[in-house]
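Structure, as structure tokens:
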Amino acid sequence: MNAYAAVGPGGRVALTDLGGSINQSAGRLYNERTILSLIRQRRSLPKAEIARLTGLSAQTVSVIINQLEAEGLLRRQSPQRGRVGQPSVPISLDPEGAFSFGMKLGRRSSDLILMDFCGTIRASLRETYPYPTPSRLQSFLDRGCRSLLMRLTAGQARRVRGLGVGAPFDLWSWEPEVGAPADVAASWRGFDIAAEIQRQSPWPVQFCNDASAACAAELAFGENAQLQDFLYIFIGSFLGGGIVLNGSLYTGRSGNAGALGSLPVPAPGHRLIRSASLYVLERMLAERGQDPRLLWRSDDWSGLGPALDNWIEQAAEALALACVAGISIIDFQAVVIDGAFPDSVRTRLLEQVRARFERQDRQGLTELKILEGSIGPNARAIGAASLPLLAGAAREPDPAFKERARQPAVSI
């Protein structure tokens with residue numbers, strides 16, 4: 001009997017009978033990806049614990065671990081002594097096992113990162129602008145990849161598995177809010193981001209919505225990875241969201257699930273995107289004669305004063321309503337809120353969201369935790385960089401990225 005393992009609620013991995021529908025090679029590959037995904041989630045595990053959680057035999061686990069170790073994807077840590085029996089040897093991911101590039105294309109800035117197999121950013125670049133253009137995107141990507149690639153040795157460069165790109169869908173939309181000229185907005189209509197980047201990239205390119213990428217980063221590398229079901233909100237120039245169900249990112253039939261920006265709210269702007277996005281704070285700063293470019297060029301927001309105070313109050317009121325709307329549709333464990341702002345601003349915002357949420361009429365609804373995201377401004381780029389790594393070293397099929405990936409999975 002062929003079988004594969006799938007991680008279920010609470011982290012327990014249940015074996016599933018494959019019958020004759022899949023060959024042994026595919027089943028072995030699935031088990032490899034399951035083990036890699038489990039170790040990524042738990043950071044490190046001994047073989048015996050991996051066997052217990054997956055339900056696979058100790059021999060099967062040992063064979064897979066040895067193979068992945070030989071490929072450079074796993075490494076053994078120091079034995080844990082002081083217990084009865086043989087010392088336990090934890091197994092962890094090898095950060096040198098694979099590398100990837102991740103790019104976040106935003107309406108005010110672009111970020112390019114070089115990330116290792118454990119999710120650590122090895123190097124990064126940023127470019128700011130009044131608004132994005134296709135030519136600016138291509139130029140930054142070409143210069144940036146060449147620059148970051150020089151940070152790697154020849155051996156490390158051979159382990160680069162791909163380039164992931166996270167960008168808003170329909171970049172030509174919201175033209176009045178972003179302030180781009182009509183001809184620039186129109187230039188994005190016929191520009192296939194994934195296809196055009198693939199033409200200039202020597203690696204496979206994968207693409208997804210930027211907010212979905214941020215959500216995937218929280219799920220794969222964040223401190224809230226233990227949650228099985230949560231609503232995710234990322235506040236950038238424009239607010240976006242994501243949905244995690246049963247421990248996997250749910251993108252919906254068109255890849256647009258969690259499009260919270262369009263949610264109607266009885267607040268200034270009448271939509272969440274017009275009430276809690278950072279472009280709203282930009283306008284508040286400009287009205288007071290302050291330079292709004294500080295939001296994208298500095299990590300110190302301490303001097304923003306009343307404009308920031310007013311924005312936090314307005315955003316918190318709208319976000320509290322969004323939390324109520326979200327839990328009324330799906331019985332989420334939590335709402336996780338992150339954004340392109342300093343940690344201190346995120347903490348202030350969450351405190352006010354929680355206070356306003358408590359004042360809402362929630363009769364008939366279950367309790368909900370409102371938690372801070374743990375990745376921060378780099379969430380979208382980290383999520384994008386995860387695309388090539390998780391596509392080749394995660395459970396198959398990977399619901400987090402299946403809907404929006406434009407290239408075949410990269411085998412690593």
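Nothing in this text is a laboratory measurement; each read-out follows from the coordinates by a stated rule. Here the structure is a predicted model, which is why all the values come from computation and not from measurement. All Cβ positions, glycine included, derive from the backbone under ideal geometry; neighbour counts span all protein chains shown.
So if a site counts as exposed when it's one of the trypsin sites (Lys or Arg not before Pro), its DSSP state isn't H, G, I, E or B, and it has at most 16 other Cβ atoms within 10 Å, what's the longest stretch of the chain without one? Before the final figure, lay out each step's value.
Values: sites that count: Arg12, Arg43, Arg81, Arg83, Arg151, Arg158, Arg189, Arg253, Arg288, Arg293, Arg359, Arg362, Lys402.
That would be 84-150.
Could you give log10 I(q)/I(0) at q = 0.10 Å⁻¹ for region 257-371, computed by the Debye formula over C-alpha point scatterers of equal weight, without solvent?
Ignoring solvent entirely, the Cα scatterers give -0.30.
Below 8 Å, C-alpha to C-alpha, sequence gap of six or more: please give me the relative contact order for region 265-348 in percent. Don't skip to the answer; put the middle values down first.
Working: 57 pairs, mean separation 27.9, N = 84.
Once divided by the residue count of region 265-348, the mean separation gives 33 percent.
Modelling each spin label as a point 7 Å along the Cα-to-Cβ direction, I'd like the Ser88/Gln226 distance in nm, to one decimal.
1.7
With no solvent and one point per C-alpha, what does the Debye sum give as log10 I(q)/I(0) for region 56-144 at q = 0.12, 0.13, 0.16, 0.17 Å⁻¹?
So the normalised log intensities work out to -0.58, -0.63, -0.75, -0.79.
Looking at Pro95, His270, Gly247, which one has the Cα that reaches farthest to the positive end of the dipole of the chain (charges on Cβ: Lys, Arg +1; Asp, Glu -1)?
Pro95
Treating only the Cβ atoms of Lys and Arg (+1) and Asp and Glu (-1) as charged, compute the dipole magnitude of the chain about its Cα centre; round to the nearest 20 debye. Please report the intermediate quantities before stating the final value.
Numbers: 45 positive and 40 negative charges, 215 e Å.
That gives a dipole near 1040 debye.
Is region 159-265 rounded, prolate or oblate when judged by the Cα gyration tensor, a ≥ b ≥ c being the square roots of its eigenvalues, rounded requiring a/c under 1.5 and prolate requiring a/b larger than b/c?
Oblate.
Please give me, ordered by residue number, the GluC sites (Glu not before Pro) of region 176-250 that lie in loop per DSSP and have at most 15 other Cβ atoms within 10 Å. Show your work: numbers first, answer last.
Details: sites: Glu177, Glu196, Glu218, Glu223; in loops: Glu223.
Those satisfying the criteria are Glu223.
Can you give the relative contact order of region 330-393 as a percent, counting alpha carbon pairs under 8 Å and 6+ residues apart? Intermediate results must be reported in sequence, preceding the final value.
Details: 46 pairs, mean separation 32.0, N = 64.
Over region 330-393, the number comes to 50 percent.
Hey, what's the Kirkwood Rh for region 173-229 if you take every pair of different alpha carbons, in angstrom? Could the numbers behind the result be given before it?
Numbers: mean 1/r = 0.0696 Å⁻¹.
Result for region 173-229, one decimal place: 14.4 Å.
What FRET efficiency would be calculated for the residue pair Ser57, Ile121, taking the C-beta separation as r and a Förster radius of 35 Å, to the nearest 0.05?
Values: r = 38 Å, r/R0 = 1.07.
Once the sixth-power term is evaluated, E becomes 0.40.
How high is the relative contact order of region 216-322, in percent, counting Cα pairs under 8 Å that sit 6 or more residues apart?
Values: 147 pairs, mean separation 22.1, N = 107.
Computed over region 216-322, the figure is 21 percent.
List every residue whose amide H lies under 5 Å from the amide H of Phe99, counting only residues 5 or more places away in sequence or on a different chain, with H placed 1.01 Å from N in the peptide plane.
Distant-sequence amide H within range of Phe99: Val160, Arg161.
Between region 113-146 and region 192-238, how many Å separate their Cα centres?
Distance between centres, Cα-based: 14 Å.
What is the distance, in nm, between label points placed 7 Å from the Cα along the Cα-to-Cβ direction at Ala325 and at Arg42?
With each label point 7 Å from Cα toward Cβ, the separation is 4.0 nm.
State the percent of C-alpha pairs, over all pairs in the chain, separated by a distance greater than 31 angstrom. Can you show the working numbers first?
Numbers: 34646 of 84666 pairs.
Counting pairs separated by more than 31 Å, the tail of P(r) holds 41 percent.
I want to verify a result. In a Gaussian network model of the chain, Cα cutoff 10 Å, which of these has the top mean-square fluctuation: Ala194, Ala213, Ala180?
Ala180
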